[in-house]
Amino acid sequence: MLMFHTTWEKCTEANVTLFKESERKTLLEFKQSLQAVDSSGIDVLSSWKSEECGVWVGVSCNNLTGYVGKPDFRSRFKDVAGAISSSLLKLHHLRLLDLSYNDFNGSVIPEFFGSLKKLRYLDLSKANFGGPIPSNLGKLSMLETFRLGGNGEGLFYRHNIVNTFTVGKLEWLSHLSFIRELDLSFVIRNE
């Protein structure tokens with residue numbers, strides 16, 4: 001994650017970069033699968049209109065290329081819910097995905113996450129996902145940070161249901177050869 005600090009950041013007015021059109025369309029498709037309304041009824045993703053890279057709340061892109069590298073919803077919204085669209089697979093330069101501190105109402109982690117091969121950072125903690133952790137996440141061999149924990153930590157979700165992850169065999173974790181941070185707190189192991 002640190003290696004992208006200077007290139008994956010929001011654009012400034014002096015240096016405006018446009019999204020690659022395909023990336024912009026993919027994000028709009030991704031948005032359609034989400035419910036992102038705060039307690040006042042305001043669409044928290046209403047900034048997702050411009051063609052300028054870096055203007056969209058929660059999205060950062062490469063200032064030189066216009067490719068999306070970071071959809072980051074961490075605690076910024078606390079109101080994102082819904083299904084996670086497989087349209088994310090079209091973001092070939094995706095390095096970071098942070099959906100933590102939201103409410104996905106116990107939905108399972110999508111199997112296609114295991115195909116986001118360039119991910120270096122994946123945070124699904126405290127987002128009220130549940131069910132079995134897909135073993136194909138072991139295909140994310142570039143992953144350095146992987147957080148799934150915290151679903152049982154006394155959080156209150158809009159659906160008032162707290163879900164937990166379950167995991168069987170852990171051999172798939174051995175394929176995460178670059179992992180530096182792993183959080184599986186509150187994950188129930190069953191075999």
Query raised in the report: At a probe size of 1.4 Å, how large is the accessible area of TRP56, to the nearest 10 Å²?
Result: 0 Å²
Query raised in the report: Where does each of TYR121, TYR101 land when they are ordered by accessible area, with a 1.4 Å probe and the largest first?
Result: TYR101, TYR121
Report summary line: With T = 4 °C, eta = 1.567 mPa s and Kirkwood Rh from C-alpha pairs, the Stokes-Einstein D of the stretch 85-147 in µm²/s is about 109 µm²/s
Requested in this report: Give me the number: length gained by fully extending SER141 to GLU29, i.e. 0.36 nm times residue separation minus the C-alpha to C-alpha distance, one decimal in nm.
Outcome: 37.6 nm
Query raised in the report: By how many nm would the segment from HIS175 to ALA83 lengthen if fully extended, with 0.36 nm per residue of separation less the alpha-carbon distance?
Result: 30.4 nm
Requested in this report: Output ³J(HN,Hα) for the stretch 31-37: one whole-Hz value per residue in order, computed from phi by the Karplus curve 6.51 cos²θ - 1.76 cosθ + 1.60 with θ = phi - 60°, and x for Gly and Pro.
Outcome: 4, 4, 7, 9, 10, 9, 10
Query raised in the report: Can you put SER85, SER135 in order of accessible area, largest first, using a 1.4 Å probe?
Result: SER135, SER85
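The values are calculated or read from the model by the stated rules, or taken from the named source; none is laboratory data. Since this is a predicted model, take the numbers as computed values, not measurements. We work out accessible area using only protein heavy atoms, side chains counted, and drop any ligands, DNA or RNA first. Shrake-Rupley method; radii C 1.70, N 1.55, O 1.52, S 1.80 Å.
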